[in-house]
Each structure stands twice: as structure tokens, then as C-alpha cells.
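Step one of this worksheet: look at the structure below.
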Amino acid sequence: MGRIADALRKAEQERLRLRNQPRTDRGATALLDPPRSPPGVSTETGDAPPGPVPPADTSFTVATEGIDEAVVPFYDRSSVISEQYRSLRTRLLTQNPQNDHRVLAISSSIPQEGKSVSTVNMGMILSEIRHLKVLCVDGDFRRSSLCDLLDIRPAAGLADMLSGDATYDEIITPTPIPNLYFVAAGQTRGRAAAELLASQRTSSVFRRFQSDFHYTLVDTPPATTVTDVNIIGQMCSGVIMVVRLNVTPEPIARRAVRLLKANNIPIIGCLLIGRDDRGPGYNYSYNYYRYYRYYTSGEADKR
């Protein structure tokens, strides 16, 4: 025990000595005193951390304080919500045994159901798998919100490229989250969203999304309000419908499903969002979406 105590004391003295060194002398020994992991993150599992990977150039910093707290896995990887999203991830991966690259549209029946939040959360959960390269696309030109959730302000977005005002490389934006990339909605500059989405250039850029990324998640407007999702859905592997419990009227949800089916757009499943007051373990200070569960389209129809 005496030798163990001596070793621990010497290690602590060495740590203090390194911390007191001038900054210019610490570069070679920085790995001896790594930063602490965020809460809920294990340094032994090999999982990618939810925060940004520090770049080699220490003069460049990535601000993460502005990421919305609704992006739950970024702040609490072990939360119930994060685990429910992992259940959805498992279902998606199980449905794709050949590991094909897929483009998925995320839509809803009415506004304010949580599809944008779900798009970002699902993108981050997919990006936890290190070999997956994931892209979140803001396809809602009228009420874009992914920029606010990720606290990113790129110079150009999807609408700019479809208008010919930006290139593909200019709209692909890295995020502070490893393996996760982002395309903003951009500026329509007076052109109708349906007009931009119906152009031949749209099919070309979506094919490139599919080629360059393992999973592309496209946030779209609600299916019953505008025709955008019916256009985008034609270029996707399928649509995931978001339904908020105790909020979404059942007739409107059924109407959204009928509209998608009428346009021959496959519905992969339904993501149910809402409050579940089954116990204190489900209470969160920000009072956001507390319960997530994923069903296949057949199970959703039964419900």
C-alpha cells in the first residue's frame, strides 16, 4: 500500500508540474493530461464523443455553446431520449442489411410536431457510428430551423445551389459533431420552392448526396400544407412521418399518409413524439420531447 501511495503522490506532483509549465513547453506533454469527458461519455468504450473534435490548428476554435439544448444527444448521450433514438437507428440499420446509401425525408402532418428536432437528433445518433458519414439537409425553404438548432450560419444553402448561385462543395458544411455534415435551406430569392425543387438540378444533387453520404436526412415541410415533400420524396428512399402524441389530429395524419401513398412515396415508418409521465426518470429541465418510439409502417397503421 505504501508503494501505491508513493506512486500516486509522484503522479500528482508530475501533473502539477506540467500544469505550471509555460504554455510553450506543454505541447509535447499535453496528452498526459487530457481534457475530461463530458458527462455520460466513457473514454473506454471507443464511442465518438458528442462534442467537437479539436482541430490540429489550435488557433481555430469551434463554438458549441449555441447548439440548441433540444439536440439532446449532444449534451446527454445516456438520456432516455438518446436511447430511444438509438432504437430508431437500430431499426433503420436492420432494414438496410446491404448497407446501401440512403436518403430519407423527415416530414409531419402539421407544423410544430418536432420533425426538425428529430432530423438533427437522428443525424447525430447515426453519426455516433464511426464508419457512417451522415448529412442533415434543411429542405424547408419557408420555415428553415436547422441553422438555429446547430448554431451554424453557412454562406449558401440548397436553394442557392438549385438557383445556380452556389456550388455543391460550397453548401456542404461540417458541424461540431464528428461525421455529421449539414446543408442549410439557403435563399430562394423570390423563386417558388416547388419551382426550385422540381428542377433537373435537384435530382442531380440528391443523387450526389446519396453517393457521398451513408445516410442523408432531409427535413421537409408538413405533408398536408405544401407539395414539397411529394417532390422531395420522389428522390428519397422513403419518408419517416413524425406524429406528436395528443397533438396531431388523427384525420390529418391519415390524410398525410394518403397524400404520400397517392404519389407512390414509400413510408418507412412513424416516429411518435410526446410527453410520457410514467416516472421521475423521464423529467428533464428543458421540458421538451420526453418519449420517442419508432414503429414500422404496418404497426403505425394498426395504431
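Rule-based calculations on the coordinates, nothing more; no lab input. Treat the numbers as computed from the prediction; the structure is a model and nothing was measured. Note that each Cβ is placed from the backbone with ideal geometry, even for glycine, and that neighbours are counted across all protein chains shown.
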Original post:
Could you put Glu128, Glu170 in order, starting from the residue whose Cβ has the fewest other Cβ atoms within 10 Å?
Top reply: Glu170, Glu128
Original post:
What FRET efficiency would be calculated for the residue pair Asn96, Asp212, taking the C-beta separation as r and a Förster radius of 22 Å, to the nearest 0.05?
Top reply: 0.80
**OP:** Please turn the phi angles of segment 135-151 into ³J(HN,Hα) values with the Karplus equation 6.51 cos²θ - 1.76 cosθ + 1.60 (θ = phi - 60°), one per residue in order, whole Hz, x for glycine and proline.
**Re:** 10, 9, 10, 8, x, 9, 5, 8, 9, 5, 9, 5, 4, 5, 5, 9, 6
Original post:
How high is the relative contact order of segment 72-302, given as a whole-number percent (alpha carbon pairs under 8 Å, six or more residues apart)?
Top reply: 27
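Rounded to the nearest 0.05, what FRET efficiency do Leu245 and Leu132 have when you use their Cβ-Cβ distance and R0 = 22 Å?
0.15
Within segment 124-232, report the chymotrypsin sites (Phe, Trp or Tyr not before Pro) that DSSP leaves as loop and that have at most 15 other Cβ atoms within 10 Å. Spell out each step's value before the answer.
Values: sites: Phe141, Tyr168, Tyr181, Phe182, Phe206, Phe209, Phe213, Tyr215; in loops: Phe141, Phe213.
Qualifying residues, ordered by number: none.
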Subject >> Sequence-distant residues sharing a close amide H with Ser163 (under 5 Å, placed H) >> reply: none
Original post:
Where Lys and Arg each count +1 and Asp and Glu each count -1, what net charge lies around Gly190 among other residues with Cβ under 14 Å from its Cβ?
Top reply: 0
Subject >> Burial ordering of Thr227, Thr167, Thr248, Thr119, fewest other beta-carbon atoms within 10 Å first >> reply: Thr167, Thr227, Thr248, Thr119
Original post:
How far is the Cα center of segment 64-117 from the Cα center of segment 223-276, in Å?
Top reply: 16
Subject >> Sorted by Cβ density within 10 Å, fewest first, the residues His101, His131, His214 >> reply: His131, His101, His214
